[in-house]
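Take a look at the structure below.
The values are calculated or read from the model by the stated rules, or taken from the named source; none is laboratory data. Everything numeric in this text was worked out from a predicted model, so none of it was measured. Note: ideal-geometry Cβ built from the backbone for every residue, glycine included; neighbour counts use all protein chains shown. Keep in mind that these areas ignore ligands, DNA and RNA; they rest on the heavy atoms of the full protein, side chains included. Shrake-Rupley method; radii C 1.70, N 1.55, O 1.52, S 1.80 Å.
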2 protein chains.
Amino acid sequence: LLAILTRCCCDVDMPLAYPTPTYSLYPVLAEIQCAPVAEVPFGNDYRLPKLLEKTGAGLTIVCNPNAPTGTFIAPEEIGELAKKLQGVLAVDEAYVDFAADHCLRLLKKHENVVILRTMSKGYSLAALRFGYALGSKRIIDMMIKVKDSYNVNAITQVAATTAIQDQEYFRENVGKIVRERGRLTAGLRDIGFEVRDSQANFVLARIGRPTAREVYEKLIEKKIFVRYFDMAGLQDKLRISVGTKEQNDILLEALRGIVRQEK
Amino acid sequence: LLAILTRCCCDVDMPLAYPTPTYSLYPVLAEIQCAPVAEVPFGNDYRLPKLLEKTGAGLTIVCNPNAPTGTFIAPEEIGELAKKLQGVLAVDEAYVDFAADHCLRLLKKHENVVILRTMSKGYSLAALRFGYALGSKRIIDMMIKVKDSYNVNAITQVAATTAIQDQEYFRENVGKIVRERGRLTAGLRDIGFEVRDSQANFVLARIGRPTAREVYEKLIEKKIFVRYFDMAGLQDKLRISVGTKEQNDILLEALRGIVRQEK
C-alpha cells in the first residue's frame, strides 16, 4: 500500500517526507520511484517536528506509534499537520493495535489523510501479508488507478475477514503483549536502562555503559536477538520486541548478568 | 510480475513493445511507467512481425498462446527474436496449459528471456491470484530489486504448491477444455464461422453476416456473454471461452438461431 501511495504521489520533483528515525522501508520506496526524500529529525520529545509542514512533499508518512521508538503522537496533532500539507498524509498505523488511541477520526475531517493498517501484529497473522488502507474516496480511487489489476486472493480475503470478526481473540492477544510490555519496561528500568513508555509491541531502551552495541553483541552470544540500529539518535539504544513471559524473563536475566559484569 | 518487469525495463526513453492485437493490460502497464509503447500489428498469419526486432524496446512481450487470437508461435521463432533483441523478452504463457508446446527450453539458451505463468487457467485457481516467473538469475535478481518487500503469503504458497503437485487433476482439467475446444470449433464452423485452430481456452470466431457486433448483442439478450473487441483486426470476430459441454451446447444452439434468422 505504501508502494502504491508513493507511486501516486511522488516523482523526481515531489519528495517523500517523514520524521526520523522511523521505519527503514520509506527511503527505499522513494528510491524505487526516483523521488527525493525529505527526512526531518524528531526532537528529544519525539513530537512532530515543525519543519515537516514545509517540505512540499507529495506524500508525508508518519508512523504512529513510531518504529523503532514506540512513541505515539496525539491524533489531533497529526490533524493539524494534515491541514497544513498540500500533499497526502499517510499515517502508518502498523503498531496501532498496541496503542491507547488511533487516527480514524481524522478521516472525517481531512480528505488528504490515509491510514494504513496490517493484520501482521495484533492479529498475529504476519504470514497472511494482509494490509489495508482507509481514506477518502479521492485517495482510494487514486490508489486503485495505479495498483496492480488484481486484488488480494480469495483465500486470504476469507481468512482476514474471519480474523477481524474475532475481536475476543484479538483483545486477549493484544492484552498479553501490553501486560508483558509493562513488566518488561519495569524490568529494564530496574537494571538501569532508560525506557520511554511504549505504545507498540517493542520498547526502545537506552543505556550508557556498557554501550548498546556491546550489550547487543553479548546477547547474540547467548542466542538472544534484539535490534541495534547504527544510526543517528539510535546508537545508544536497543529495540527489544515484547516476547512471552518466559522469553522476557530469560532476556532480563541475561541483561542483568551483562550489566553486572561491566561494574 | 508484468508490472515489475515494466518497472525494471521501461521508462520515458525505453518503450514497451508487443505485437497486436493482444492482451489489453500491456499498454496500461506502459502508461503507469510513463513509457511509450511500440505496437507492431500481426499479419494475417499471426506469426511474429519482423518489425518487432527493431523497436529498441526495454521490454518486449509476446503472449503465447496469444489472447484473444488463440494462435501459437513456435518456441524456436521466439528464440530467434530473443537473439536479435537488446532488451528483455517476456513470454506471457498465461494460456500455455492448453497449448501443445511451450518456451521453457529457451531459458537455457537466452539470458534475456523470462517466462510468466499463472495458476488461474489450467489449474482453475483464478481466485488464488498466483503467478510465477522463470528466467535467468540476472533477470530474476533485477525483478526482486524493485518488487514490493513482501512475498506471496504463507497460505497461498501452500495452496499453490499443493495444486502444482496434483498433475493428475491438472491433466484431467486441461483435457476437458481441450476436448470441448475441438467440439466448439467444429460446431462454430458448421454454423458458418471461420475459426482458426486455438491453443488456448477460448476460440476466435470470424463471421460476415450477421456482423460480429450483431451476434454479440443478440447473445447478450439471451444472457450469453462472449467478448467483442471494437479494435482493428477484431471487429468481425468474437472471442468465445470454452465452457462446459452443456454451456457450449446452449451457445451453439443460440448461434444457430441467430444465424438462421438472418437468412
Checklist entry - Just by accessible area at a 1.4 angstrom probe, what is the order of A:Leu107, B:Leu5 from largest to smallest? => result A:Leu107, B:Leu5
Next on the checklist: Please report the equivalent ellipsoid semi-axes of region B:35-168, computed as sqrt(5 x eigenvalue) of the Cα gyration tensor, largest first, in whole Å.
Outcome noted: 26, 19, 13
Checklist entry - Which whole number gives the average count of other chain Cβ atoms within 10 Å of the Cβ atoms across peptide B:148-154? => result 6
Item to check | Antiparallel DSSP beta bridges within chain A, as percent of all bridges there, nearest 5 | outcome: 45
Next on the checklist: Nearest 10 degrees is fine. How inclined is helix A:245-262 to the longest principal axis of chain A, computing both from alpha carbons?
Outcome noted: 60
Next on the checklist: List residues of region B:115-159, by number, whose backbone nitrogen lies under 16 Å from a label position 7 Å along Cα→C-beta of B:Lys108.
Outcome noted: B:135-136
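Counting Lys and Arg as +1 and Asp and Glu as -1, each charge on the Cβ, what is the dipole of the protein assembly as shown about the Cα centre in debye, to the nearest 20?
So the dipole magnitude of the protein assembly as shown works out to roughly 340 debye.
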Item to check | Rounded to the nearest 10 Å², the accessible area of A:Arg129 at probe 1.4 Å | outcome: 110
Item to check | Size descriptor, Kirkwood hydrodynamic radius, that averages inverse alpha-carbon separations across region B:17-74, Å | outcome: 11.7
Item to check | Scattering profile of region B:158-263 at q = 0.21 Å⁻¹ [log10 I(q)/I(0), Debye over alpha-carbon scatterers] | outcome: -1.06
Item to check | Low-density loop positions, chymotrypsin sites (Phe, Trp or Tyr not before Pro), region A:193-261 - DSSP coil, at most 15 other Cβ in 10 Å | outcome: A:Phe225
Item to check | Additional length obtainable on full extension of the chain from B:Arg213 to B:Asn151, 0.36 nm per residue less Cα span | outcome: 18.0 nm
Checklist entry - For chain B, what size does the Cα cloud have along each of its three principal axes, sorted from largest down, in whole Å? => result 58, 42, 32
Checklist outcome for this item: Of B:Thr20, B:Thr156, B:Thr55, the most mobile residue in a GNM of chain B (C-alpha springs, cutoff 10 Å) is B:Thr156
Checklist outcome for this item: The Rg/Rh figure for region B:87-166, Cα atoms and Kirkwood Rh, to two decimals is 0.98
Item to check | Percentage relative contact order, region B:3-68, counting C-alpha pairs under 8 Å, at least six apart | outcome: 44
Next on the checklist: Explain nothing, just the number: dipole magnitude of chain B about its Cα centre with +1 on each Lys and Arg Cβ and -1 on each Asp and Glu Cβ, in debye rounded to the nearest 20.
Outcome noted: 260
Item to check | Accessible area of the protein assembly as shown belonging to carbon and sulfur atoms, whole % at 1.4 Å probe | outcome: 53
Checklist entry - Toward the positive end of the charge dipole of region B:65-211, about the Cα centre and with charges on Cβ (Lys, Arg +1; Asp, Glu -1), which of B:Gln165, B:Val178, B:Leu104 goes farthest? => result B:Leu104
Checklist entry - Over chain B, what is the relative contact order in whole percent, taking alpha-carbon pairs under 8 Å and six or more residues apart? => result 15
Next on the checklist: With every protein chain left in place and a probe of 1.4 Å, what is the accessible surface of B:Ser124, to the nearest 10 Å²?
Outcome noted: 70
Item to check | About the Cα centre, charge dipole magnitude for region B:115-263 (Lys/Arg +1, Asp/Glu -1 at Cβ), debye | outcome: 280
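Relative to the present Cα-Cα distance, how much length would full extension add between B:Glu77 and B:Val12 at 0.36 nm per residue of separation?
The B:Glu77-B:Val12 span can extend by a further 20.5 nm.
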Next on the checklist: Once ligands and nucleic acids are excluded and a 1.4 Å probe is used, how much of B:Ile144 is accessible, expressed in Å² to the nearest 10?
Outcome noted: 100
Item to check | Rg/Rh for region B:85-130, where both radii come from Cα atoms and Rh is the Kirkwood radius | outcome: 1.04
Checklist outcome for this item: In degrees rounded to 10, the 0-90 angle between helix B:167-191 Cα long axis and the longest Cα principal axis of chain B is 40
Item to check | the protein assembly as shown: translational diffusion in µm²/s, Stokes-Einstein, Kirkwood Rh over Cα pairs, 37 °C, 0.692 mPa s | outcome: 122
